[in-house]
Protein chains: 2
Amino acid sequence: MKRLLLTLTLSLALLTAAAGEHPSLMLTRSGVAQMRADRGKVPAFDASIDRTIAGADAALRERIEVPVPRDGGGGYTHERHKLNYYRMVDCGIAWQLTGEERYARRVADLLAAYAELYPTLGFHPVTLSKSPGRLFWQTLNESVWLVHTAMAYDCVYDYMTPSERERVERNLFRPMADFLMNGMEGNRENNKIFNKMHNHATWATSAVGMIGMVMGDDALVDCALYGSDRTGRKGGFIRQLDYLFSPDGYFTEGAYYQRYAIWPFMVFAQCIAHNRPQLDIFAYRDHILQKAVSTLLQLAYEGRFMRFNDALEKGYDAQELVYAVNIAYNADPTDKMLLDVAARYQGWVLPSDAGYRVARDIARGEAQPLRFVSRLYRDGREGDAGGVAVIRSTDPALNSALTLKATSHGLSHGHFDKLTLAYYDNGNEVLCDYGAARWLNIEAKYKGHYTHENKSFAMQTVAHNTLVVDEASHFGGVYAESMKHHSDILYADFSRKDMQIVSARETNACEGVAMQRTVAYVTTPFLQYPLILDVLRAESDAEHRYDYPMWYDGHLVSLNFPYERALTAMTTLGSANGYQHLWRQAAGRNTESGTSCFTWIKGDRFYSLSTATTPASELVLAVTGANDPDFNLRHARTFMVRERGRRDHTFFSSLESHGTYDLQVEQSDNLTASCRAVRLVCDTRDYTVAVAEYAGGHRVVLCLANATADPAARHRVETPEGTFTWTGPYDLSMN
Amino acid sequence: MKRLLLTLTLSLALLTAAAGEHPSLMLTRSGVAQMRADRGKVPAFDASIDRTIAGADAALRERIEVPVPRDGGGGYTHERHKLNYYRMVDCGIAWQLTGEERYARRVADLLAAYAELYPTLGFHPVTLSKSPGRLFWQTLNESVWLVHTAMAYDCVYDYMTPSERERVERNLFRPMADFLMNGMEGNRENNKIFNKMHNHATWATSAVGMIGMVMGDDALVDCALYGSDRTGRKGGFIRQLDYLFSPDGYFTEGAYYQRYAIWPFMVFAQCIAHNRPQLDIFAYRDHILQKAVSTLLQLAYEGRFMRFNDALEKGYDAQELVYAVNIAYNADPTDKMLLDVAARYQGWVLPSDAGYRVARDIARGEAQPLRFVSRLYRDGREGDAGGVAVIRSTDPALNSALTLKATSHGLSHGHFDKLTLAYYDNGNEVLCDYGAARWLNIEAKYKGHYTHENKSFAMQTVAHNTLVVDEASHFGGVYAESMKHHSDILYADFSRKDMQIVSARETNACEGVAMQRTVAYVTTPFLQYPLILDVLRAESDAEHRYDYPMWYDGHLVSLNFPYERALTAMTTLGSANGYQHLWRQAAGRNTESGTSCFTWIKGDRFYSLSTATTPASELVLAVTGANDPDFNLRHARTFMVRERGRRDHTFFSSLESHGTYDLQVEQSDNLTASCRAVRLVCDTRDYTVAVAEYAGGHRVVLCLANATADPAARHRVETPEGTFTWTGPYDLSMN
């Protein structure tokens, strides 16, 4: 035991840099020694080194160019200053690993050029940002520049002469750190940002802290950790760890921005672990950073982040995730599932201590398959602002995921999407969230920014799989209103073998209307795949029009009711709140049956949504594209159930996944829905009893207590179809 | 040398079955002996055997069901009789490989049951087919049944007693062979089909020939080979080999149906090779079957068959292709690229002599990468009915393919698509052919048949990337007219390093209008990727409206001219000939420049089509979906240039592939077209001189002689931009 402790202590000592030792940010001296010794033995790491050296060699072939700042994002000077920091990092690492002086010289020369330029700079000439930078049009880019350049300087610190160091620190690093922290005469916005609880502040504090570490300036490091007043009461990295994640490691803007935010968090944490080991940063707040990484990985399907709020299609292969996964594994090498992510989705590792360890342990065969679990991820600093529930198939081979989002707004990237759901199955998005309307980096598409349609469509409620009241978005589409509230998770139970269930409530989004949604993922002995039951209840004392849009991916196969298709002319579904972007493709009513069924095909599987309707229900099919003058919107499709003049109303649906469609062997089976009927045999403010009937005389009954989530409360409901009794907020039975 | 010959002779002897020996169709005695000996040594073949035995075991667990025929395709009795032949084949092979009697017994019992049933059957009760079967609603299925069942019978022939054999041959096989060949009292259509030059006849002759071989009935085999009159002058398999493929192994219906047709050809040829080795069937007509397989493999992109005429998305993994590739390799084991197809795309092999050989040689590491080449595939029995040109990138890493289709109509599955082109690049379809409008096997979609929209849209000219005159389809959309003619390839040259070119002419499709199209795939030193130049010339003495639709996959990025987008209402582009299915999304004119540029993104690459226009040219964007009451059409998009009141007119376009779009590392480059201008500096019935200018002052000039393809003819053209002289039908220069 003593011996084990001794070994542990020794290992820790090896992992943390001696004070003033270089390198000590992403690389350590002992790490470098090991990498050099193991060159040629760990193929994935060798590839990473080769790539770095290739980048460094490319740098050496170029002229040194440190242009006077002129262009905004995408322009020449902007891109050159970005490229320069990548080049410096590559050269710095190449110097450490090869000992070839030309690499170190290039970093020193570039830094010298920057030390010439920087003192001459005022604010950047492009004045679009509230917080303009000096090298870049916004300070954020300058922080990112310094995060990288600090790593490069760390690598060549010992190579440079004291006078060289003195000059770059005096003319470049100290003024830049001061600028990031305090701004400059004429604009002090940077000081606010530096101390804010926001991911831009994470970049700024990381930059200042990292350059402080390299320069051995403890005061700067303290500012980074505890805010510019060094008290920790207003700002700083540590406080960001307290504020920017929920206790479950959920970042309020959602997975897509969590991916971006995690980057500086993990990088700076790695540097802190090396330089201030006494802080035990990875253990801070019950290992909040590890939780953040793990939550982020869980909020993905097939390696792509689940799309909600402003989100494009990104996944585990994003470079931020390589940083996050490598550093997280280095901090806790017992989490072998991280190796699976690195090996299967990323394919490259960081040229750093962390990357080396990941590559080595993958080569040792230590990776374990990433496992997905059903979980509730609470939102809010205290975990009290609702949350996102993710239900996963118990059998990983089924590969399905169902999400219910009942969070707070999610800052400026949030959508008006209270209680929206999404469904992923068989490798595909089946019920989708549109995500963001943006063509990142494509100049011709509104310069790569979020397009106007992001606000006019993607953020609006109708773009989501949830309730729209009176054709208006939640909170009237007013951000400030939405920011004041959050939905609530009423209960979630992922423990039963035959069913997983979650229920959430939203009372503020639609004035005078309370919404409650319960979704159950049910495994029956009689259906081919698990079944989803969706009970979306609206309560109001006044009459409203309720729309229940379900955005599907795939192609319509059939509808069990007559409909009129727009044949020679097509018009918009509405004029505002996102409806103006929808072409009304078809509409119909089901006068024959109280169950309206919509079947579509996606990939090699069929999906059937059977919803309880009346002859008065309007059933609408619509697609995006109207009022989209610049062709900014993607082609997205929705099936919508519309009820008019209702006070209380419950949308009840059965969603079946069924069948196989194999074009190659020309075989297909189980092409039609098994569902024979869905109906509510009781639906009051106290109780909802939902019955779904399937082929073969099978029946699934979901009993819900709407007014209380008390797990001990006993309930009894008389209905025309018999008496139902149960305990707790829900009960499921089937035969 | 003598020894080598001896070995060869011995090998040949081993490969061909002794007369009357069983099995001798897909399996041989010596083959079975080798497979048994090598069990456990060739993993891919073991997997195939395991699968077969699993199928046989499943059969043994079932009751014997040989129902009285009642249902059409997809119905119970139809599917049961299909399943029965698969079961019999599995059991027959399982018997051969394991020697376990229960497998053989099951085949014998099933055959006995069929021998009971068959004599009682008249025509099938479903009377939708002109050539109804007895077990199935159409004779085609009965032929397929017998092809399979003959294989099964071959396997258990020696196991069954002479009296058992006598009974099934008398009651089942001989009457069925007679029925397939001669029909039955009341309907003699089968006799016509049997002797037709059509792929249904290939199934029928294969079935009759194979059962004849098993029964040792040379007369039946002769009928199969030489037609029911055994003269070879009207029908039979040998004549099909003469008629159904062009000398280049091209099947006139196109790749998708060639895939289907190749199946019985290869299966029966394998049986002939085993039973009538003296015919040397695989060498017949200069190895026409090998050519057919090779051509089929070449008419694919990323393992999917190029979509033209009636085509769904099928590829190398279709089971027909497993037969074709395995048997072709067995016939010519020097073609090691076939092993690559089997290993990379198919993943399973036949449980037969051929499959064994493929699996064994893959395991020995003999596979060689499939190489794609630029080629012209002539259509027509004599190779004189036009053809399809496929231009491939010289560097396989570029992975692009450009096709020009100038064939005959392609029988009942042909489209009115003279001189259409398609472009595949970077793993994607970029300029697309819609293929067929069909949801195969999906009952809810017009019972899985070709939908009405196949005729009203998919077959029409506007659904293709070619010239539409006066909004009418080629040949007025009249099949019988189109069948009388074919386009002509004028010349094709794939030999130059900087350019590959093909030119074709069509003079019958549009009355009074001659069309000529020349496409060049040009590699420049100044563009990122090869360039495509498209010169589509129409000549007429009367005025016409000319439409030039280009169907693209991907999302519109930008247009270099102002346009009006349909914002709140959208109408159809026309009322007939496919136009009624198009929604008019947007239209504009380019009054600023004579070059109209359309840029779109597909995958991580950009494409820019720059076309020569005038201020009078109408530029239209349209999508499918109008007049499609049942949502049968897929979502397809076109950019169309429209010229009114023109006699002679030439559409000249530069299509650039450019840029990278990497969302994961958020890098993109080369997002905009390099093309600065395209124009015709000369355009007469004799000559077209097309100039395209690119960024950096680069210029590509394509000189075409329109009136003669004589390679020795010398040409001289004076233009406002100078004098051009060249020899032969074309000349390309660039700077």
(request) Enumerate the amide H contacts of B:Leu490 below 5 Å, restricted to partners 5 or more residues apart or on another chain; note that Pro and chain-start residues carry no placed amide H. (result) B:Ser503, B:Ala504, B:Arg505
(request) Provide the FRET efficiency to the nearest 0.05 for the B:Arg644-B:Ala677 pair, computing r from the beta carbons and using R0 = 25 Å. (result) 0.60
(message) Give the average, rounded to an integer, of partner chain Cβ atoms located within 10 angstrom of each Cβ in B:568-577.
(response) 3
(request) Would you please give the residues with an amide H less than 5 Å from that of B:Thr650, counting only those at least 5 places away or on a separate chain, with H modeled from the backbone geometry? (result) B:Ala538
(request) Using the 7 Å Cα-to-Cβ label point, sort the distances from A:Glu618 to its equivalents in the other copies shortest first and give them in nm to one decimal. (result) 3.3
(message) As I understand it, the value is the acute angle between the Cα axis of helix A:255-275 and the longest principal axis of the Cα atoms of chain A; what does it come to in degrees, rounded to 10?
(response) 30 degrees
(message) I need the phi-derived Karplus couplings for segment A:597-603: 6.51 cos²θ - 1.76 cosθ + 1.60, θ = phi - 60°, integer Hz, Gly and Pro marked x.
(response) 10, 10, 10, 9, 10, 9, x
(request) Determine one quarter of the surface area of the Cα convex hull of segment B:65-223, which equals its mean projected area, and express it in nm² to one decimal. (result) 8.7 nm²
(message) Per-residue Cβ counts within 10 Å, from other chains only, averaged over B:554-563: what number is that?
(response) 3
(message) Less than 14 Å apart at the alpha-carbon level, and either on another chain or at least 8 residues along: which aspartates and glutamates does that give for B:Lys192?
(response) B:Asp178, B:Asp229
(request) Quick one: which residues, 5+ away or cross-chain, put their amide H under 5 Å from the amide H of B:Leu663? H built at 1.01 Å from N. (result) none
(request) Kindly give the distances from B:Asn670 to its copy-mates, label point to label point, with each label point 7 Å from Cα along Cα→Cβ, as nm values to one decimal ordered shortest first. (result) 4.7
(request) Divide, for segment A:395-508, the radius of gyration over alpha carbons by 2.2 N^0.38 Å, where N is the residue count. (result) 1.22
(message) Place a point 7 Å from the Cα of B:Tyr76 along the Cα-to-Cβ direction; which residues of segment B:106-143 have their backbone N under 13 Å from it?
(response) none
(message) Quick check: net charge around B:Arg644, other residues with Cβ under 15 Å of its Cβ, Lys/Arg +1 and Asp/Glu -1?
(response) -2
(request) Provide a list, ordered by number, of residues in segment B:654-696 showing at least 50 Å² less accessible area with every protein chain present than when their chain is taken on its own, using a 1.4 Å probe. (result) B:Tyr661, B:Leu663, B:Gln664, B:Glu666
(message) Cut-off under 20 Å on the C-alpha distance; same-chain residues fewer than 8 positions from A:Lys484 excluded. Which lysines are left, in chain and number order?
(response) A:Lys196, A:Lys405, A:Lys418, A:Lys455
(request) Using the structure shown, list the pairs from A:Lys234/A:Lys445; A:Lys314/A:Lys602; A:Lys291/A:Lys447 with a Cα-Cα distance above 31 Å, or answer none. (result) A:Lys234/A:Lys445; A:Lys291/A:Lys447
(message) To the nearest hundred square angstrom, how large is the accessible surface buried between A and B, total for both chains, probe 1.4 angstrom?
(response) 4400 Å²
(message) Spelling out what I want: for every residue of segment B:138-143, take phi, set θ = phi - 60°, compute 6.51 cos²θ - 1.76 cosθ + 1.60 (Karplus), and round to whole Hz; glycine and proline get x.
(response) 9, 4, 3, 5, 5, 4
(request) Scan chain B for the residue whose Cβ is closest to the axis carrying it onto chain A, then write down that distance in whole angstrom. (result) B:Met570, 2
(message) Per q in 0.20, 0.22, 0.25 Å⁻¹, report the Debye log10 I(q)/I(0) for segment B:502-543, using one uniform scatterer on each alpha carbon and no solvent.
(response) -0.65, -0.71, -0.81
(message) Output the 0 to 90 degree angle, nearest 10, between the alpha-carbon long axis of helix A:2-15 and the longest principal axis computed from the alpha carbons of chain A.
(response) 80 degrees
(request) Extending each Cα 7 Å along its Cβ direction at B:Tyr491 and B:Ser733, get the distance between those two points in nm, one decimal. (result) 1.7 nm
(message) Run the label-point distances for A:Met184 please: 7 Å along Cα to Cβ, every other copy, nanometres, shortest first.
(response) 9.5
(request) Counting helices only, and only those DSSP H runs with n ≥ 4, report the 222 nm mean residue ellipticity of chain B as the sum of -39,500 (n - 2.57) divided by its residues, in deg cm²/dmol to the nearest 500. (result) -9500 deg cm²/dmol
(message) Highest mean first, how do B:187-193, B:129-135, B:467-473 rank when packing is the count of other Cβ atoms within 10 Å averaged over residues?
(response) B:467-473, B:129-135, B:187-193
(request) Name the aspartates and glutamates eligible as straight-distance cross-link partners of B:Lys336: C-alpha to C-alpha under 13 Å, and not fewer than 8 places from it in the same chain. (result) B:Asp361, B:Glu366
(message) Quick check for me: using +1 on Lys/Arg Cβ and -1 on Asp/Glu Cβ, what's the dipole size of segment B:626-730 about its Cα centre, in debye to the nearest 20?
(response) 440 debye
(message) Residues of segment A:576-598 with backbone nitrogen within less than 19 Å of a virtual label 7 Å along the Cα-to-Cβ line of A:Asp470, please, listed as ranges.
(response) A:576-580
(request) Determine the per residue accessible area of chain A with all protein chains present and a 1.4 angstrom probe, expressed in square angstrom. (result) 36 Å²
(request) Using the Kirkwood radius over Cα pairs, work out the Stokes-Einstein diffusion coefficient for segment B:471-546 at 20 °C and 1.002 mPa s, in µm²/s as a whole number. (result) 149 µm²/s
(message) From the C-alpha coordinates alone, can you work out the Kirkwood hydrodynamic radius of the protein assembly as shown, in Å?
(response) 36.1 Å
(message) Please report the net charge: other residues with Cβ closer than 13 Å to the Cβ of B:Phe282, K and R +1, D and E -1.
(response) -1
(request) Take the solvent-accessible surface of the protein heavy atoms, probe 1.4 Å, and return the percent of it on chain A that carbon and sulfur atoms account for. (result) 51 percent
(request) Kindly express, to the nearest 10 degrees and within the range 0 to 90, the angle between helix A:199-215's C-alpha long axis and the longest C-alpha principal axis of chain A. (result) 20 degrees
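The values are calculated or read from the model by the stated rules, or taken from the named source; none is laboratory data. Source: prediction; values computed, not measured. Positions of Cβ are generated from backbone atoms using ideal geometry, with glycine treated the same way; all protein chains shown enter the neighbour counts. Heads up: the accessible areas ignore ligands, DNA and RNA and are worked out on the full protein's heavy atoms, side chains in. Shrake-Rupley method; radii C 1.70, N 1.55, O 1.52, S 1.80 Å.
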